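Step one of this worksheet: look at the structure below.
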Amino acid sequence: MIGYDNKRKDITFCTMLFKMPQESQLNALKRGDRTFEEFYLPSLKNLIETFKKVALWCDAETAQYLKKHNLDKSIDMRVMDFSELPHMGEKSEWLKILHGMYGNVGNFFRHKTPEMWIDYLMVIMAKPWVMEWAAKRNKFKTKYFMWLDAGSFNKKYVGFWTDWDGTIRAKPERVRITISETLGKARPHFVPNFIYRLCRKMHKIVPANKQALVKQSLQNIAMINADYDVPACSIMATAENVHKFYDWFEVVRKIMKNHGFVSTEQAVFQAMMKFDVSDMFELSYIHGYTGVYAGVAKEKPDCLL
């Protein structure tokens, strides 16, 4: 389904997969039939078979599936219970904050309750942790670490790979990430107004626009609640920058939490773009989510941030 020429020997591909405690809630949140057995497991299998050098956090059921297909020995795998995810100790605190936010942030919850969001948030907020774990171990002795969502190899999302020729030319000096224009439509369910208000306390900012970004005039641009979305299904960085990315992700996440805000990892990334994290990001434009992987894999970024 996805062709990768495997010429690059210097990339470890990072991902994770856990069976959600209440799988039906994830389907409701994602508006699709994302079953663990039929959607995620086959996708993960395809990802590992394609990219080979894979670092994975997963549960015992996922590990057993990979063992059945003789894929468990070739990867760097940490098997753990869902309850061992990094932020589980904050779960009750997050729920309290989310209930305080509920009803005040537009469509952030897509009219679902915080209880339906909380386990999913615990998973996606662990992405920088997985990359940090992989970079510290560096089983495959690679220079670069690239995050790919475990579900990205499902047939439903093959369009995300549009325009990718099977080659990863990127050799980022910063953390490579994509941004997508939302054609003037705000994304309140992912990037709610509260983050914009938080950042206004710290910077004098103006709304982002493509012309400003093209000019790389980013100092006073609001990447928060602007006309941009941050697809978080692909991230690429050197080991050194993975460590920096992980550290600052936790700093900014905690600042947001201390101000009474809990959100998705995408919103934390956007907040990081306004928190004086010098030389952190290099950005690639994509159209919608189509071509998100091509955007990360291409040779040069569109902007430095």
Exercise. Taking H as built 1.01 Å from N, whose amide H comes closer than 5 Å to the amide H of Thr12, not counting residues under 5 places away?
Worked result: Tyr144, Phe145, Met146
Problem set entry | Difference of contour (0.36 nm per residue) and Cα-Cα distance, Asn258 to Glu23 | 81.6 nm
Problem set entry | Local electrostatic count, Ala60, Cβ distance below 12 Å [Lys/Arg +1, Asp/Glu -1] | -2
For this session: State to the nearest 20 debye the size of the charge dipole of the range 254-305 about its Cα centre, where the only charges are +1 on K and R beta carbons and -1 on D and E beta carbons.
Result: 200 debye
Seminar exercise, completed: Taking 295-301, 51-57 and ranking on average Cβ neighbours within 10 Å, highest first, one gets 51-57, 295-301
For this session: Could you pull out the pairs from Lys96/Lys143; Lys45/Lys136; Lys7/Lys67; Lys45/Lys139 whose alpha carbons sit more than 31 Å apart here?
Result: Lys96/Lys143
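Every number in this text was worked out from the coordinates using simple rules, so none of it is lab data. Please read these numbers as outputs of a predicted model, since none were measured by experiment. Don't worry about glycine lacking a Cβ; one is built from the backbone with ideal geometry, like all the others, and counts go over all protein chains shown.
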